[in-house]
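Engineer: Can you keep this structure in mind? I'll have questions shortly.
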Amino acid sequence: MDELRGDQAAWGFDGESVSIRYETKGWFRSPLLKLLGNLEVPVAAVRDVDFRPGAGRRNGWVMNLRLHERMDPYAAVGAMLDERAQPFRLTGPAKTELVAEYLADQLRFAASQAEEPAPSTPTRLVPGLPLHVMTCEGTARLEGDRLTLVWAGTYASGYKKKKQRREYSLADINGVEWAPLDDWGWGFVRFVTDGSGQEASGKPKNDLNILRAGEEGNEIHQVFLLAATVTAHRWARGAAAGLALGPGDVTEEDARPGPDDPEWWKHAARSAMETVRAPRLTLNLPGGGNPRVDDEPEAPAGVGPAPAPEGAATGAAGADTAWIFEQIERLGDLHAKGLLTDEEFGQKKAELLDRI
């Protein structure tokens with residue numbers, strides 16, 4: 001099996017599947033792709049191959065595998081993922097353009113002749129189970145059809161530490177949302193259930209459906225893989241249940257709004273707005289050189305906050321103003337993608353401007 005070497009990986013094709021081996025040497029390589037290591041993509045999962053000559057760096061080529069609906073869990077949860085870290089994207093120099101185009105034609109033809117993908121196909125594209133993820137806030141473990149969150153990390157809030165843990169059945173999870181690191185060094189994965197909207201606190205640090213990830217190590221990429229893995233197993237479970245039903249029957253999974261439903265995306269956009277509206281607090285940790293967002297310390301009864309040093313108010317106001325404009329830009333992106341109406345965008349923008 002010949003390999004096509006690109007900037008991020010080497011792709012091989014044996015007629016039935018695409019073998020992807022990601023490059024792991026070099027500090028400049030994607031941490032996410034390093035975690036993945038390698039993937040085996042059945043050609044039955046491929047809907048189309050997008051090949052663009054001259055669209056890459058220095059007139060190089062760009063090739064993307066477009067998978068069938070509910071076959072690409074990375075695309076489902078990684079709308080905000082840097083395109084350089086897309087698992088099914090390969091770029092290369094102009095000198096290998098003809099070889100790359102030939103492979104694209106082979107893949108495209110094989111995909112057009114392939115049968116329907118098996119229900120379990122998405123689970124072959126994600127890390128195997130059991131999957132254990134650890135962040136500075138806590139841990140997550142996915143095993144079988146159970147997901148367990150435990151908040152025992154250094155940066156877990158007092159509220160989460162008091163609750164200790166939460167367990168889910170995959171059948172109870174309607175969707176998964178992933179947010180990359182923000183300017184304060186926090187990202188998260190959120191698990192959406194029927195009751196998550198009513199119990200959400202508006203602050204990720206106190207939301208029992210969220211596991212936060214910091215900027216240390218590769219935490220944010222680990223929770224991204226967790227989000228993709230949960231999504232893949234949800235899809236496989238729903239597809240298997242659909243095969244067991246008769247014509248016209250509707251599974252519980254299909255009856256719930258999902259990523260293909262505009263209402264699901266509206267809910268995701270509103271959740272994102274609630275997150276950016278939450279107040280941001282900074283705390284200088286002992287021995288740390290950089291400020292970091294974390295829990296607000298509780299003051300003893302009858303004791304007010306210490307007076308701020310002279311000039312501190314001006315600095316805080318400037319930082320808060322910069323943060324507000326960044327959030328307006330993010331809302332603008334959601335609005336441009338059609339996830340927010342003109343009225344919703346205008347209302348939230350006005351609310352943020354009022355805080356300056």
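Engineer: What ³J(HN,Hα) values, in whole Hz, does the Karplus curve 6.51 cos²θ - 1.76 cosθ + 1.60 give for the range 103-108 when θ = phi - 60°, with x put for Gly and Pro?
Structural biologist: Each residue's phi maps through the Karplus curve to give 4, 4, 5, 4, 5, 5 Hz.
Engineer: To continue, here is another question. If we count every other residue with Cβ under 10 angstrom of Lys34's Cβ, Lys/Arg +1 and Asp/Glu -1, where does the sum land?
Structural biologist: Taking every Cβ under 10 Å from that of Lys34, the sum is +1.
Engineer: Past 29 Å, Cα to Cα: identify those pairs from Lys205/Lys349; Lys34/Lys161; Lys34/Lys95, in the order given.
Structural biologist: Where the Cα-Cα span goes over 29 Å, the pairs concerned are Lys34/Lys161.
Engineer: Is the C-alpha gyration tensor of the range 1-155 telling us rounded, prolate or oblate? Criteria: a/c under 1.5 is rounded; beyond that, a/b larger than b/c is prolate, otherwise oblate.
Structural biologist: It comes out oblate by the Cα gyration axes.
Engineer: Still on this model: Using θ = phi - 60° and the Karplus form 6.51 cos²θ - 1.76 cosθ + 1.60, what ³J(HN,Hα) does each residue of the range 52-66 get, whole Hz, x for Gly and Pro?
Structural biologist: After applying 6.51 cos²θ - 1.76 cosθ + 1.60, I find 10, x, x, 8, x, 5, 6, 6, x, 9, 10, 10, 10, 8, 9 Hz.
Engineer: A follow-up question, please. Could you sort Arg21, Arg166, Arg84, Arg89 by their accessible area in this structure, using a 1.4 Å probe and putting the largest first?
Structural biologist: Arg84, Arg21, Arg166, Arg89
Engineer: Tell me, what is the per residue accessible area of the range 60-193 in Å², probe radius 1.4 Å?
Structural biologist: Using a 1.4 Å probe on heavy atoms only, each residue of the range 60-193 averages 46 Å².
The values are calculated or read from the model by the stated rules, or taken from the named source; none is laboratory data. Everything quoted here is computed from the prediction, not taken from an experiment. Cβ atoms come from the backbone with ideal geometry, glycine included; neighbour counts cover every protein chain shown. Heavy atoms of the whole protein, side chains included, go into the accessibility calculation; ligands, DNA and RNA do not. Shrake-Rupley method; radii C 1.70, N 1.55, O 1.52, S 1.80 Å.
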